[in-house]
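I have placed the structure first, in the form of structure tokens, so that the comments after it can refer back to it.
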Amino acid sequence: MAGAIHFGSLLVDGPDVYWTESRPLEGGRTAIVQGSAFGGARDALAAPFSARTRVHEYGEGAVAAASDILYFSNFADQRLYWILPGHEPEPITPASDLRFADVEIDLARGLLYCVREDHRGSGEPVNTLVAMPADGDDEGGRVIATGHDFFSSPRLSPDGQMLAWVCWDHPNMPWDGTELWTAELQADGSLGRPELIAGGKAESVMQPQWSPQGDLCFISDRTGFWNLYRARVEAGSARHSLVDALCPMEAEVGRPAWVLGMSHYGFVSQDRIVFAYTRQGVWRLALLDLGSSGRRDIDLPFTDIGFVRAGAGAVYIIASSAAEPECIARLDLSGPDCRQKIVRRSSTVAIDAGYLSVPEDIEFPTEEGLSAHGFFYPARNKDFTAPPGELPPILVMSHGGPTGQSSSSFNLAIQYWTSRGIAVFDVNYGGSAGYGRAYRDRLKGKWGIVDVDDCVNGARFLARQGRVDPDRSLIRGGSAGGFTTLAALTFRTYFKAGASYYGVGDLEAIARDTHKFESRYLDGLVGPYPAARDVYRERSPAFFTERLSVPLILFQGLDDKVVPPNQAVTMFEALRKKGIPVAYIPFEGEQHGFRKAENIKRSLDAELYFYSRVFGFPLPEALSPVKIENM
């Protein structure tokens, strides 16, 4: 399980397709792999290089390709490199405190357009759009767009005359409100007068793409759901046509823009768009005919689709299902039926169906007469049967973000628990993506309340149905999910133990110390800081450890810049002094999320060992012990 790879970016260049793979068995290195329409795959980036950018700290949007030339941001030094056919990678930006992402290649002008994050100053880093020669320069690019806190998605029109991009400002996050702009490109890559196409402080616009005939398409949530739109833009014109909704639906096209370079749709031809959408937590792929505005869902064996690229007569997707691991799939949509071919799998480990728990989509009642959602995984192992009348423990999972989303995709980490007799409930609490803006906005000003209530109410709902043991209820989560876990254990009395992975214990410390991208995130989730300082303290588990009376295990990467390690240490020391069973496991060289195989395995095994000691159940295999204070 720890050796399973994870796919990131996906792009198409002529007959070739490229994707990134995070490889735990290579120390978490992100490799670039090149595939072909004719079959086969090879590594296009050898160790020790790792294609991962630190723009926004989350690591995607690091690769671009055109005419057999690859560009990538290298994790170790954050310099931009290129790989010419038959050559080794060469840096094209200076060794400095500059970071690059979301590269767009302009072959006609011999230029690159990209997002640059400048850390050379003493204050907050400066984000801009820059243009630079395709073979690089010593300055790290020439600024062509500035004046906003964040930029993303520079996209060149097919005729090379226009550039589109997205920008936004504090305190908004990209799923709160962004703006889509265009401008005419000059011969040197500088911009003419910019024009606002869509978006604003209360409209989230993302993923602009130019159609083959030069229309600008994008995703917007202006009607309450992220849907596809189109605007006609002409170079030299001061006006653009009215924006058209291409396929109105109460479903979401796309995900929150935590990372750069995402793509959930593509152009199969001038009049056909292929796109992924989600409704009630399940993802589908559809084909849209622009002439008739007709949508046809494509029959695929997948329930989660995370990336869509079209080109060279094919469509490539990153997808998975409840029973099959993540894969790169090639789709041929030229005929009446979709022909598919698996190009790459994230894991080749075959799992007997007798050990596989298939999720159920559960909608359950929660506070204020509302309902929330989650995926329930019953405990399942064909070799073992529970004693008569005994119900399984339940492990509630609270996802990160918190503006994130749990899906029904194949998840070996979940199967780890269900195959060991523990049922799992993966909760999409209020504030999660995938259910429309109103659902996403439930968390506004109520982080630490709505999410916690939904996790508790979800567990209670399953217990009332007689499906799980309420006296052995557990909760775990990472990052923002770690905060929800800590808050549930501190401010509620339902759960009997829990695990926090790089979780937030002190909201005020995060508001003061976190990186730029999330430095004002809590303005919307909690309140403007420092004006709402009292609320920050009231919601922070670290200030109320006297209320915490159940065992807790904490995991932390020591190189984490999103949630600093002192957050976990503070909670550990407080519980240790109070006499509550507590364990703390730090990992050298890990950031926000664990990427090394040995650490992924160790954390899961340690968590299971911890629960076995808390509840006194036997372990199915011998595990390395964990030092537990006060036990």
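The values are calculated or read from the model by the stated rules, or taken from the named source; none is laboratory data. None of these values were measured; they are calculated from a predicted model. Neighbour counts are summed over all protein chains in view; Cβ atoms, including those assigned to glycine, are modelled from backbone coordinates with ideal geometry.
Numbers for the structure displayed
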| item | result |
| --- | --- |
| Leading residue by the ranking (nearest to the chain's Cα centre (by Cα)) among those in the stretch 22-37 that are under 14 Å from residue 62 (Cβ atoms) and of a type in the set (S, T, N, Q) | 22 |
| Count of residues meeting criterion [of a type outside the set (A, V, I, L, M, F, W, C), farther than 22 Å from residue 587 by Cα and surrounded by fewer than 19 Cβ atoms within 10 Å (Cβ to Cβ)] in the stretch 482-515 | 4 |
| Condition met for residue 136 (modelled with pLDDT under 95, crowded, with 17+ Cβ neighbours inside 10 Å and more than 24 Å from residue 177 (Cβ to Cβ)) | yes |
| Tally, over the stretch 78-108, of residues that are out of contact with any Lys or Arg (no Cβ under 8 Å at 6 or more places or on another chain), surrounded by 15 or more Cβ atoms within 10 Å (Cβ to Cβ) and of a type in the set (D, E, K, R) | 3 |
| Residue that is surrounded by the most Cβ atoms within 10 Å (Cβ to Cβ) [pool: residues in the stretch 328-349 that are touching a Phe, Trp or Tyr at 6+ places or on another chain (Cβ under 8 Å) and assigned to a strand (DSSP E or B)] | 328 |
| Odd one out for residue 269, checked against (1) in contact (Cβ under 8 Å) with a residue 60 or more places away in the chain; (2) under 20 Å from residue 215 (Cα atoms) | (1) |
| Residue within the stretch 288-299 that is surrounded by fewer than 20 Cβ atoms within 10 Å (Cβ to Cβ), assigned to a strand (DSSP E or B) and within 25 Å of the chain's Cα centre (by Cα) present | yes |
| Residue match in the stretch 223-230 (condition: out of contact with any Ser or Thr (no Cβ under 6 Å at 6 or more places or on another chain), basic (Lys, Arg) and within 28 Å of residue 60 (Cα to Cα)) | yes |
| Members of the stretch 600-617 found to be under 24 Å from residue 59 (Cα atoms) and in contact (Cβ under 8 Å) with a residue 40 or more places away in the chain, listed by number | 600, 601, 603, 604 |
| Tabulated pairs, the stretch 71-88, first among the polar types (S, T, N, Q), second in a loop (DSSP other than H, G, I, E, B), C-beta under 6 angstrom, 6+ apart or interchain | 73/53; 73/62; 74/49; 78/54 |
| Contacts under 6 angstrom Cβ, first residue in the stretch 446-462 being within 17 Å of residue 361 (Cβ to Cβ), partner surrounded by fewer than 21 Cβ atoms within 10 Å (Cβ to Cβ), 6 or more apart | 458/364; 461/364 |
| Candidate set: the stretch 10-21, residues that are within 20 Å of residue 262 (Cβ to Cβ) and acidic (Asp, Glu); chosen: the one farthest from the chain's Cα centre (by Cα) | 13 |
| Unique match (being of a type outside the set (Ser, Thr, Tyr) and either touching a residue at least 40 places away in the same chain (Cβ under 8 Å) or in contact with a Gly (Cβ under 7 Å, 6 or more places away or on another chain) (or both)) among 537, 547, 533 | 547 |
| The stretch 169-219 - residue that is farther than 23 Å from residue 288 by Cα and of a type in the set (Asp, Glu) and, of those, surrounded by the fewest Cβ atoms within 10 Å (Cβ to Cβ) | 188 |
| Only listed residue being of a type in the set (Gly, Ala, Ser) and touching a strand residue (DSSP E or B) at 6+ places or on another chain (Cβ under 9 Å), chosen from 466, 498 | 498 |
| Scope the stretch 568-586; condition surrounded by fewer than 22 Cβ atoms within 10 Å (Cβ to Cβ) and either farther than 14 Å from residue 630 by Cα or over 32 Å from the mean Cα position of the chain (by Cα) (or both); matching residues | 569, 570, 576, 577, 578, 579, 580, 581, 585, 586 |
| Top-ranked residue of the stretch 352-362 - restricted to ones that are assigned to a loop (DSSP other than H, G, I, E, B) and of a type outside the set (S, T, N, Q), ranked as farthest from the chain's Cα centre (by Cα) | 352 |
| Residue selected from the stretch 241-266 under the condition in contact (Cβ under 8 Å) with a residue 24 or more places away in the chain and among the hydroxyl-bearing types (Ser, Thr, Tyr), by the criterion nearest to residue 288 (Cα to Cα) | 265 |
| Of residues in the stretch 241-286 being among the β-branched types (Val, Ile, Thr), part of a loop (DSSP other than H, G, I, E, B) and at pLDDT 95 or above, the one nearest to residue 226 (Cα to Cα) | 253 |
| Qualifying residue in the stretch 164-176 (condition: part of a loop (DSSP other than H, G, I, E, B), of a type in the set (D, E, K, R), in contact with a strand residue (DSSP E or B) (Cβ under 8 Å, 6 or more places away or on another chain) and over 27 Å from residue 305 (Cα atoms)) | yes |
| Residue tally, condition modelled with pLDDT under 95 and on the phi > 0 side of the Ramachandran plot, over the stretch 196-240 | 2 |
